[in-house]
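Below is one structure; the comments refer to it alone.
The values are calculated or read from the model by the stated rules, or taken from the named source; none is laboratory data. Because the structure is predicted, anything quoted here is derived from the model rather than measured. No Cβ is skipped: glycine too gets one built from the backbone with ideal geometry, and neighbour counts run over all protein chains shown.
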Amino acid sequence: MKNEDTIRFVREHASDDVRALALMGDRLGTVDMPWALNQIRGRQTAMKKLPTLAMTEGIVYPPHLSMEQCSSEQTAAWKAAVCATGAHESMADLTGGFGIDFMAISKGYAYATYVEANSELCDTVRHNLGVLHRSANVVCADATNYLHTMGHVSLIYIDPARRSQSGARTYAIADCSPDVTALCDELLAKADRVLVKLSPMLDWHEAVRQLRGVREVHIVSVDNECKELLLLLSGQSSAEAEAQPMPPGQAAPLVRCVDFTTRSAEPLVETFSAAEATESPAILTGAVAPGAYLYEPSASVMKGGCFGPLCRRYGLRMVAPNSHLFVGDAPGDFRSGRCFRVVAVSTLNRKQQRRALGGIERANVSVRNFPLSADQLRRRLGLRDGGPVYIFGTTLSDGGHVVLICEKIR
């Protein structure tokens, strides 16, 4: 533990600008400035990302990269919910990091093991577990080596590092460390269930093809930014797997699109069955008419790509196969995204555009499957950014380009 002067400095300057504090240099000889600045920066990050932990006195924060890579409080809680079913005797987190996911998931298990190759992170998590009055087995070891020697557990959680040895970001499963594709059989042999966290950049269909025993896919977004792709694997049979046997590597899992948004206290979740995931969407055959309701799905629903059941459930039609905007006749119950009412419609004809705009001077402009970028369309329309009006440039199923002028409903 650091000396009292250092602890006091961190407490007194908890809300101060870290860059300004760094200019103080070594003027305070008894204060460990590098450690103190890291703690102040870490807590300030945690206030947004991990608010409950940030309010706990005595928590020690890791270096900035670990804070950047750790899950948020919301996404960690979702993982705990995903792992809430099945046996709860024991679990192991093979890539512990700062331990945010471990602390959330392990609450539901009688015996929990945290595994991390970085000894400093192990010390940090061991300390924080004590502050939180939590008990766990903390092991400083390489994930793959520990997997080879560990006994059977109810759950294994693994979040492979998505950075190469040079520090560059990687996305492909085989390029991450450890390579889950190479360890998949052993992971399933050592646990009833395995939860794998992967890059949100990955195509979930491809991830399912590469891994055996995928039962559930969870695509998690926070404030309309896709943050995590989670795969729940099991070597045990499930009712759906028995009812719909598939060749190895070709299983069709349950897909859950999860959105954490400021509009709702609880996450908004759209769930699609194996059969629904391949269902084709209804396509709008004519033009978009003023008065129609326009829906822009959230980032997680977009990444899920299960547009067929989305149309069927909420009475929507896709504007065009590649436009990823949907229209309906009423403001329905679909909440995983934004809803607008179409006020006016125009082609790219400049006279039509002037009439449709009717004196509008500023708007929020975006494009979907459109020949111009959002900035190019904004300049063409002569608009400034912002205001209550929303404009979408898109392409209809007949190939025609249209500009939809809308007001936001939610």
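For the condition more than 17 Å from Val138 (Cα to Cα) and at pLDDT 95 or above, Ala112 does not qualify. Checked against (1) modelled with pLDDT under 95; (2) surrounded by 14 or more Cβ atoms within 10 Å (Cβ to Cβ); (3) not aliphatic (A, V, I, L, M), Pro247 passes all but a single condition, namely (2). If we scan segment 319-334, do we find a residue that is charged (D, E, K, R), assigned by TED's automatic domain parsing to the domain that holds Ser397 and outside any loop (DSSP other than H, G, I, E, B)? No: segment 319-334 contains no residue that is charged (D, E, K, R), assigned by TED's automatic domain parsing to the domain that holds Ser397 and outside any loop (DSSP other than H, G, I, E, B). Of the residues making up segment 47-61, those that are part of a helix (DSSP H, G or I), surrounded by 11 or more Cβ atoms within 10 Å (Cβ to Cβ) and either in contact (Cβ under 8 Å) with a residue 12 or more places away in the chain or assigned by TED's automatic domain parsing to the domain that holds Gly130 (or both) number 3. Evaluated against (1) out of contact with any Leu (no Cβ under 7 Å at 6 or more places or on another chain); (2) touching a residue at least 12 places away in the same chain (Cβ under 8 Å); (3) surrounded by fewer than 18 Cβ atoms within 10 Å (Cβ to Cβ), Asp17 falls short on exactly one condition, (2). Every condition in (1) under 24 Å from Gly399 (Cβ atoms); (2) at pLDDT below 95 is met by Leu372 except one, and the failing one is (2).
Taking the criterion of being surrounded by fewer than 16 Cβ atoms within 10 Å (Cβ to Cβ) and either of a type in the set (Asp, Glu) or more than 16 Å from Tyr390 (Cα to Cα) (or both), the residues of segment 318-346 that qualify are Pro321, Asn322, Asp329, Ala330, Pro331, Gly332, Asp333. Checking Ala87, Ala104, Ala92 one by one, the residue that is assigned to a loop (DSSP other than H, G, I, E, B), outside the structural domain of Thr56 (by TED's automatic domain parsing) and not β-branched (Val, Ile, Thr) is Ala87 and no other. For segment 46-79, a residue qualifies if it is of a type in the set (Ser, Thr, Tyr) and more than 18 Å from Ile7 (Cα to Cα), and the qualifying residues are Thr52, Ser66, Ser71, Ser72, Thr75. One residue stands out in segment 6-42 among those that are closer than 21 Å to Gly58 by Cα, among the acidic types (Asp, Glu) and not in a helix (DSSP H, G or I): the one that is farthest from the chain's Cα centre (by Cα), namely Asp32.
Results for (1) over 19 Å from the mean Cα position of the chain (by Cα); (2) at pLDDT below 90; (3) surrounded by 19 or more Cβ atoms within 10 Å (Cβ to Cβ), shown as yes or no for each residue.
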| position | (1), (2), (3) |
| --- | --- |
| Ala251 | yes, yes, yes |
| Ser264 | no, yes, no |
| Ser300 | no, no, yes |
| Leu316 | yes, no, yes |
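Filtering segment 62-83 to residues that are outside any helix (DSSP H, G or I) and either buried (at least 18 other Cβ atoms within 10 Å of the Cβ) or among the β-branched types (Val, Ile, Thr) (or both) leaves Pro62, Cys70, Ser71, Ser72, Cys83. Scanning segment 172-201 for residues that are buried (at least 17 other Cβ atoms within 10 Å of the Cβ), at pLDDT below 95 and under 24 Å from Ser336 (Cα atoms) yields Ser199, Pro200. Condition (residue is among the β-branched types (Val, Ile, Thr) and under 26 Å from Ile156 (Cβ atoms)) applied to segment 98-108: is it met by at least one residue? Yes, the conditions are met somewhere in segment 98-108.
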